[in-house]
Amino acid sequence: MPESSPHAPAPEPGPAASTTPPRVPPPLLVLTAIVSIQVGTALASGLFPALGALGTVAWRIAIAALVLLAVVRPRVLVPSRRQVGLLLLFGVVIASMNALFYLAVDRLPLGVVVAVEFLGPLGLGAVMSRRNVERLWVALALLGVALLAPFSGTGYDPVGLAFAAGAGLGWAGFVLLSARVAGAFDGATGLALGMTVAALVLAPLAWSPAGTLLADPALIAATVAVALLSTAIPFSLEFHALKRLSATAYGVLIALEPAVAAVVGAIMLGERLEARGLAAVVCVTVAALGVTLTRERSRPTR
């Protein structure tokens, strides 16, 4: 998931933008970005005891915003009323999406959170699509996630599942707003400014754990690493990969994210998914792959 920008917007289909043989294959760049995001999230969960889930996300977004501002160097002399409104809404969505995601990770295995969160963009695609086959793929994802619901008081935390679902809605909102923001600002200016707004929205949550964070250099280093792994590094990798990668290939790779999250959670956090959790991850991954490949087959040939 795009935490701050979990992922860059998918490119329009067409030939590769570069005719020079790349040193690193674009799919490898995207997969590295996906792993980076999930590793960053796993590291962030280790900061929860000291900073809390909301304190961690507040500081991560603040650092990520500073990095993006330094790299992008946005130039907006006199923003219009429309631009200001878009940025405010975009920033609130980014802040909400990330806060809910971290609250979910604090209660559930990482693979489960990402699987539930994926329902946001998948559901959005089904609503906007006129093809019933896409709705069938989303129904498969819903079936998998339905298996996570607690039965007879056992199973996954319902509050955590609600947080993950809320993060999914935020992701869908992020997708809708990203196109408008990209059209209103040059390059990555909109993302950098939106992240800055999100940092300001979350700033009150950063105040309480500030003393703990600033008194521990190791904690500061870990928080900076989380911000870089979750935002700056994956954004840079995908930015370069998308110049030479088709929309279909990108969609297929992103569909693997729930599975990657489950593997990272198992390796770094010792999380072991029960059968229902594994089924949910498989269903969502297959559904995401199915939606991507269905769209490719239905695309008119030129």
When segment 50-64 is checked residue by residue, the ones that are more than 11 Å from residue 212 (Cα to Cα) and surrounded by 24 or more Cβ atoms within 10 Å (Cβ to Cβ) are 56, 57, 58, 59, 60, 61, 64
Just to be sure I understand the filter: pairs with C-beta atoms under 6 Å, separated by 6 or more residues or on different chains, first member in segment 223-250 and in contact (Cβ under 8 Å) with a residue 24 or more places away in the chain, second member surrounded by fewer than 19 Cβ atoms within 10 Å (Cβ to Cβ) and charged (D, E, K, R). Which pairs pass?
248/296
Residues being under 26 Å from residue 52 (Cβ atoms) and either in a helix (DSSP H, G or I) or of a type in the set (D, E, K, R) (or both) - total across segment 103-136:
14
Would you confirm, using the coordinates I've provided, whether residue 104 is buried (at least 23 other Cβ atoms within 10 Å of the Cβ), over 16 Å from residue 149 (Cα atoms) and either more than 13 Å from the chain's Cα centre (by Cα) or in contact (Cβ under 8 Å) with a residue 24 or more places away in the chain (or both)?
no
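Just one of 123, 111, 168 is under 25 Å from residue 37 (Cβ atoms), surrounded by fewer than 23 Cβ atoms within 10 Å (Cβ to Cβ) and touching a helix residue (DSSP H, G or I) at 6+ places or on another chain (Cβ under 7 Å); which is it?
123
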Qualifying residues in segment 244-271 (those that are surrounded by fewer than 18 Cβ atoms within 10 Å (Cβ to Cβ) and modelled with pLDDT of 85 or more) - the one farthest from residue 39 (Cα to Cα)
256
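Among the residues of segment 215-239, write down those that are within 29 Å of residue 286 (Cβ to Cβ), of a type outside the set (D, E, K, R) and crowded, with 17+ Cβ neighbours inside 10 Å. I'd like the intermediate steps shown before the answer.
First, pick out the residues of segment 215-239 that are within 29 Å of residue 286 (Cβ to Cβ): 229-231, 233-235, 237-239.
In the following step, the residues that additionally are of a type outside the set (D, E, K, R) were identified as 229-231, 233-235, 237, 239.
Those that are within 29 Å of residue 286 (Cβ to Cβ), of a type outside the set (D, E, K, R) and crowded, with 17+ Cβ neighbours inside 10 Å: 229, 230, 231, 233, 234, 235, 237.
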Residue in segment 152-171 that is within 22 Å of residue 295 (Cα to Cα), free of Cβ contacts under 8 Å to residues at least 12 places away in the same chain, assigned to a helix (DSSP H, G or I) and hydrophobic (A, V, I, L, M, F, W, C) present:
no
Cβ-Cβ below 7 Å, separation at least six or inter-chain, first residue in segment 19-42 and within 14 Å of residue 257 (Cα to Cα) and of a type in the set (S, T, N, Q), second buried (at least 20 other Cβ atoms within 10 Å of the Cβ) and at pLDDT 90 or above: which pairs?
36/229; 38/110; 38/260; 38/261; 38/264; 41/105; 41/110; 41/230
In segment 117-128, how many are in contact with a Gly (Cβ under 6 Å, 6 or more places away or on another chain) and either aliphatic (A, V, I, L, M) or farther than 15 Å from residue 149 by Cα (or both)?
2
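The values are calculated or read from the model by the stated rules, or taken from the named source; none is laboratory data. Predicted model only: the values in this text are computed from it and were never measured. FYI the Cβ positions are ideal-geometry reconstructions off the backbone, even for glycines, and counts take in every protein chain you see.
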